[in-house]
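The values are calculated or read from the model by the stated rules, or taken from the named source; none is laboratory data. Because the structure is predicted, anything quoted here is derived from the model rather than measured. Here the Cβ positions follow ideal geometry from the backbone for every residue, glycine too, while neighbour counts run over all protein chains shown. Side chains are part of the model used for accessible areas, which takes the heavy atoms of the whole protein and leaves out ligands, DNA and RNA. Shrake-Rupley method; radii C 1.70, N 1.55, O 1.52, S 1.80 Å.
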Amino acid sequence: MRSLVAINPSKKNSMDYTELGIVKFGELDILFGTVELEQPFFDAENPKNHEYVLVRVTAFSCNYRDKAILLENYNSIKGSDRLFFPFGSEFSANIVAVGRDVHEFKVGDRVMSDCSYPDSGKQGILPGVATNFASLGWLRLHKKKIIKVPKSLSENEAACFSLGSQTASAMIRRSGILANGGNPLVFSARSHTSLFIIQQLLSHGITPICLSTSEWSDKEKQKIYPSRVELVSNAINSTSNDIVKQKITHVFDPFFDMNIGYALYYLQTGGKYVTCGLRDQHPLLSSDTPSDAEPVVRGALEMSIVKNVSILGNCLGSKEDLERAIQLQNRTGTRIIIDQEYQLEEGVDFVQRSFFDSSRFGKCVLIF
């Protein structure tokens, strides 16, 4: 099968590939292309493979974290003999081979990633994201790193479900809002994780207020109805005061380094602030970072003391969080928000829109 990869520019004349074009990552140009890769040999009787499976990826997508990982990996191969580098952290796939101790899955099963953290469910198997190389097409994975795709999800939806839904499910669980109720606020509402949080809260009968710095179309607003979108600027203003009057009890935020100052301002005394990440994940992609970012974070922490606020950091979620997200999706039939679907030859457009197009709404999926 053909795979989408970043090509080492110093080795491009010594390999067989189809050039697709260049995408600018900050000041760095990254060359993308496709390469032909045969199905790797998988010996089911080899003890090293007893608990592993070989899968053929049918579709994959990227998350915010993949941008910095791809940039760092690309920088590392430029002076090496490595020909190319795959990328991508979510996928849907079909199992093509199983080790002899794999009884939970069989050849032909549709699967997607299980990003359980901080416990993978198996000693010696690293927890967290199942792969950073989904675009490779062929993946050898431990059985604890995958889960069956429910019938309610298409191949393309499954390719962008696990990480966001698992994270959202964990953040909502840990916030305590399902048990105690509350009035939640979701920051950076167009981000992948925030859209999953909004949809899951709605499925639980809780309507959040959604904050965004960019305009939404009526069609986009309909995707999260009856939630409402509040457009905010990077300043405390009359809109901010209106939000404070809503008595916000919980804040869900995917980018603490960008939003925590405003989040703690909006949050009422005794509230909970849950965050799962930061915007500035690589120096080459952080040229527009405000110079006062550190004092803002310091001020927010001071405010958290005055307001008796609980600050919760969250990384991914447990297997049970993912299972709850699947059950919730099965019960409600909520469709996964997909921005666009791409074919392999459109790989450059896929990368550009996934990482750098602010008008993107939902996940971009590349279909093999």
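Here's a check for you: in the stretch 104-137, which residue that is open to solvent by 30 Å² or more (accessible area, probe 1.4 Å) and not in a loop (DSSP other than H, G, I, E, B) is farthest from ARG65 (Cα to Cα)? Filtering first and then ranking leaves ARG110. Scan the stretch 78-91 and tell me whether some residue there is in contact (Cβ under 8 Å) with a residue 40 or more places away in the chain, over 29 Å from TYR342 (Cβ atoms) and open to solvent by less than 10 Å² (accessible area, probe 1.4 Å). No, there is no match, as no residue in the stretch 78-91 is in contact (Cβ under 8 Å) with a residue 40 or more places away in the chain, over 29 Å from TYR342 (Cβ atoms) and open to solvent by less than 10 Å² (accessible area, probe 1.4 Å). Residue count for the stretch 138-155 satisfying the condition of being among the hydrophobic types (A, V, I, L, M, F, W, C) and surrounded by fewer than 20 Cβ atoms within 10 Å (Cβ to Cβ): 1.
So that you can scan it fast, the table gives a plain yes or no per residue for (1) under 18 Å from the mean Cα position of the chain (by Cα); (2) assigned to a strand (DSSP E or B); (3) free of Cβ contacts under 8 Å to residues at least 24 places away in the same chain:
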| residue | (1), (2), (3) |
| --- | --- |
| PRO40 | no, no, no |
| ASP43 | no, no, yes |
| ALA59 | yes, yes, no |
| LEU71 | yes, no, no |
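Candidates are the residues of the stretch 285-313 that are under 20 Å from the mean Cα position of the chain (by Cα) and at pLDDT 80 or above; the one that is surrounded by the fewest Cβ atoms within 10 Å (Cβ to Cβ) is GLY313. Checked against the criterion of being more than 30 Å from GLY121 (Cα to Cα) and of a type in the set (Asp, Glu), the stretch 322-332 contains not a single residue that satisfies it. Those residues that are of a type in the set (Gly, Ala, Ser), touching a residue at least 60 places away in the same chain (Cβ under 8 Å) and either assigned to a helix (DSSP H, G or I) or touching a helix residue (DSSP H, G or I) at 6+ places or on another chain (Cβ under 7 Å) (or both), I need them from the stretch 167-183; list them, please. Within the stretch 167-183, ALA168, SER169, ALA170, SER175 qualify.
The residues in the stretch 130-170 that are under 14 Å from HIS192 (Cβ atoms) and of a type outside the set (S, T, N, Q) can be counted, and the count is 7. Restricted to the stretch 314-334, and to residues there that are loosely packed, with under 14 Cβ neighbours inside 10 Å and touching a residue at least 40 places away in the same chain (Cβ under 8 Å), the residue that is farthest from GLN199 (Cα to Cα) is CYS315.
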